[in-house]
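Heads up, the thing below is written out as structure tokens.
Just so it is clear, none of the values below were taken in a lab; they were calculated from the coordinates. These figures come from a predicted structure and were not determined experimentally.
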């Protein structure tokens, strides 16, 4: 895969479960999922850890879009990331402008061209500060 833009590189490192490189590549002056970048990266690391604990060492990438008519992001494009061993998946709307990622957020009603997925295998980027 030829990495021509910042967005290409970030998506590549999502597939590699490399939160440190994603941290290096994302713009520090932006928020992601309405969180400061540092908090977003921390929560992304927790999500990646779930994939790693389940035995995945990479994620397969499938394009798609938000399919919720109740959401302001309905129709926005993004990606489904599917664990290469566990079947765990993460659905994200990814906003890209001029080759740069401007926002990333979890999508609960995502339509992607992926193999059949089980809802109980969904990994989310938890926006809550506390797990209760």
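A few notes on this one:
- Cα pair distances exceeding 19 angstrom across the stretch 34-132, given as percent: 43
- Computed over the chain with a Gaussian network model linking Cα atoms closer than 10 Å, the most mobile of 76, 107, 66 is 76.
- Selected from 110, 81, 119 as most flexible by GNM, with the chain as the system and alpha-carbon contacts under 10 Å: 119
- For the options 120, 91, 34, a Gaussian network treatment of the chain with springs between C-alpha atoms closer than 10 Å singles out 120 as fluctuating the most.
- Contact order for the stretch 6-112, expressed relative to its length and based on alpha carbon pairs under 8 Å spaced 6+ residues apart, stands at 25 percent.
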